[in-house]
1. Using the structure shown, decide if Ile214 is part of a helix (DSSP H, G or I) and surrounded by fewer than 24 Cβ atoms within 10 Å (Cβ to Cβ).
2. Mind checking which residues of segment 302-314 are surrounded by 14 or more Cβ atoms within 10 Å (Cβ to Cβ) and aromatic (Phe, Trp, Tyr)?
3. Enumerate the helices (runs of 4 or more DSSP H) found wholly within segment 367-485, keeping only those where 2 or more residues are crowded, with 18+ Cβ neighbours inside 10 Å and out of contact with any Ser or Thr (no Cβ under 9 Å at 6 or more places or on another chain).
4. Restricting attention to segment 217-254, which residues are open to solvent by 50 Å² or more (accessible area, probe 1.4 Å) and without any contact (Cβ under 8 Å) to a residue 40 or more places away in the chain?
5. Looking at Asn297, is it in a helix (DSSP H, G or I) and buried (at least 22 other Cβ atoms within 10 Å of the Cβ)?
6. Within segment 58-83, restricting attention to residues that are of a type outside the set (A, V, I, L, M), more than 21 Å from the chain's Cα centre (by Cα) and open to solvent by less than 40 Å² (accessible area, probe 1.4 Å), which residue is modelled with the lowest pLDDT?
7. Among the residues of segment 137-166, how many are part of a helix (DSSP H, G or I) and crowded, with 22+ Cβ neighbours inside 10 Å?
8. Quick one: what pairs do we get from segment 406-421, first residue more than 15 Å from Gly149 (Cβ to Cβ), second buried (at least 19 other Cβ atoms within 10 Å of the Cβ) and of a type in the set (D, E, K, R), C-beta under 8 Å, 6+ apart or different chains?
Amino acid sequence: MLKKLERALGLRTNPVIFFSSAMLALIFVVASIAFTDEVDGIFRAASDAVKTNLGWFYILGVTSFLGFLLWIACSRYGHVRLGGKDSRPEYSNLSWFGMLFAAGIGTILMFWGVAEPINHFANPPFSGAHEEVGELAETAGTAEQFAEGLRELPVDAGATAPLSTGAANEAVGFALYHFGFHTWAIFSLPALAFAYFAYKRGLPFRVSSIFHPILGDRINGPIGKTIDVVAVVGTLFGVAVSIGLGTLQINSGLNGLFGIEISGTVQILIIAVVTTIATISVVTGLDKGVKWLSNINIGMAVALLLFILFAGSTVFLLRGVIESTGNYLSMIVPLSFWNDTLPAGDWGWQGSWTVFYWAWTITWAPFVGIFVARISKGRTVREFVLGVLGAPVAFSIIWFSIFGMSSINIEWSDPGSLVGPVVQEGDTAAALFSFLEHFPASEVLMAFSVLIVVIFFTTSADSASLVVDMLTSGRTTNTPVRQRVFWAVLSGVVAATLIAATGQEALQALEQVITVLGLPFFLIAFVMMYCLVKAMRKDIPEEELLPRRARLLLEQHRVLQQQGDKPKQEPESEPEPS
């Protein structure tokens, strides 16, 4: 029946995966609209249970992924090429980095670049005064009074005081912890596995292909299809949260620029416009639409970054970049194992921040992983890991250092100007635009930033639709355009329907869902590491795992031996004189 429907619609996909994923997404949307409170209650309880009882597993898991990637890059598997021996990268390093950045974390940097450091500056994770900060936000009058109250909050000995120098250093360090090596480890692990099994074993771009060392040909059966359906639905939900955040930020920017009201109707129109642009990009394909938009977007983001650097306190920010890098590197090991354990029995700050981030990011992993694998054919394992971990993280360090330290400097100079709207009022979507008001030509900057967010939003949406099409079809090329268009439109419809139904509350409900859905993805990731190593041990001849110099010497020895084995020709005898 599904095969007939596939042929009738002119599709080239796996009908079970395609229709099951689409149906589950639509059922969730309908249930969220019809039974918002009930659905929210179920997932809120499950999310709280996961964060309370298994938050430690999320923390340990991501740190394990990072350690595994560093190990495999430095091991003898590091020079294994993702493809044939003679394959080379299809994209230049610059284009490769641009697509990595735009698809993976561009929208997040724009949204959280100011909002997260300011949140941690006002409410330090190590302060132990989170309830007091919340109460002060409700009782303080003006933003200036709120900032003054934060400075006077009593904290325990050795704890970090709000709005202090220690809070400033920790604020940027925590932001980098959330969006640095650990986030990209979550993306890199499935990306490496997808690339290996697709280019070395010739398997389709599906999550089930990673299980081939364990399941064998059963990846094409019910178990494999179930894994793929879960991956598709999780990817749609993860992208929907990002679409929601991007929509709120664009709406906030348009409100500051033109006075356009912040409402569900406006946000649906924004989603419709951006989804249309994303659909056009999807139709043009990866080498034109996505690559072209990604290159433009990274250039615009760098231009905004440089403007903030040179229009602000340049020397202060340059010093801040270096110091923030050191703070991050000194904090990364302790934070990698920090579980917010004390006081005993209380799961405090980390449950609402780090655990949610990791759960949200892991639902993105199939999407970003397949996209990164698709653009990384021909690179070695070592080049892949160091590139995917290194380049985007280096940019993130510079971004958060400049935007974070600049926002902290503004708050020091003008108390309450940023902690008021971002922390006291909780308007994180407006954080970037409140920040830009303190710079010359602020309206031009805000318009430019809105455009950047729109393009980031677009590249994420079109990349997601391309990847979901790969997940459902197993193909990277020659799929009907209507399939890619369907997934681009569906991702927009999911976000728009949720916003129309319950506004921002729907996004909060979806966050609860993602925290729960992240758990099976974490379990899959551990199996992924095992399968990857098992496949490499079986597929790669021992000779190819030797160091480069040893392989060259062995090849030279083989050539000399072949020359030595050739039979020597006897010299022709001269004719005897008559």
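1. Yes: the conditions hold for Ile214.
2. The one that is surrounded by 14 or more Cβ atoms within 10 Å (Cβ to Cβ) and aromatic (Phe, Trp, Tyr): Phe307.
3. 381-413, 442-473
4. Listed by number, the residues that qualify are Asp217, Arg218, Asn220, Pro222, Ile223, Thr226.
5. In short, yes.
6. For segment 58-83, the residue satisfying everything is Gly83.
7. 3
8. That search, which allows pairs on different chains as well, returns Ser417/Glu411; Leu418/Glu411.
The values are calculated or read from the model by the stated rules, or taken from the named source; none is laboratory data. As the structure is a computational prediction, the values presented were derived from the model and not from experiment. With ideal geometry, Cβ positions are generated from the backbone for all residues, glycine too; neighbour counts draw on all protein chains shown. With ligands, DNA and RNA removed, areas are computed over all heavy atoms of the protein, side chains included. Shrake-Rupley method; radii C 1.70, N 1.55, O 1.52, S 1.80 Å.
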